[in-house]
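Enquirer: Structure in structure tokens, see below.
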């Protein structure tokens, strides 16, 4: 019971943080600036509490996201079929 409540709370908090804020959408010119620095807290692998603050420009975040997506696509298309 506690686990399901925890999971529900976790999903609700991630869903709330994933929604864009009204301030970001109202300032279209500032949000689209590729040179604006954006800082994010990233979890460290193997720890629930340790987080590292990473600051990059919007262009760098977009490039990293694109590279990660391409790596995932390459891995998924090149995996061997069952029985090989």
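The values are calculated or read from the model by the stated rules, or taken from the named source; none is laboratory data. All values reported here derive from a predicted model rather than from experimental measurement. Every residue, glycine as well, gets a Cβ built from its backbone with ideal geometry; the counts of neighbours run over all protein chains shown.
Enquirer: Answer yes or no as to whether residue 49 is at pLDDT below 95 and either in a strand (DSSP E or B) or surrounded by 10 or more Cβ atoms within 10 Å (Cβ to Cβ) (or both).
Expert: No; evaluated as a whole, the condition is false for this residue.
Enquirer: Condition first: in contact with a helix residue (DSSP H, G or I) (Cβ under 7 Å, 6 or more places away or on another chain), at pLDDT below 60 and not in a strand (DSSP E or B). Can you find one or more residues in the stretch 1-24 that meet it?
Expert: Checked the stretch 1-24: at least one residue is in contact with a helix residue (DSSP H, G or I) (Cβ under 7 Å, 6 or more places away or on another chain), at pLDDT below 60 and not in a strand (DSSP E or B).
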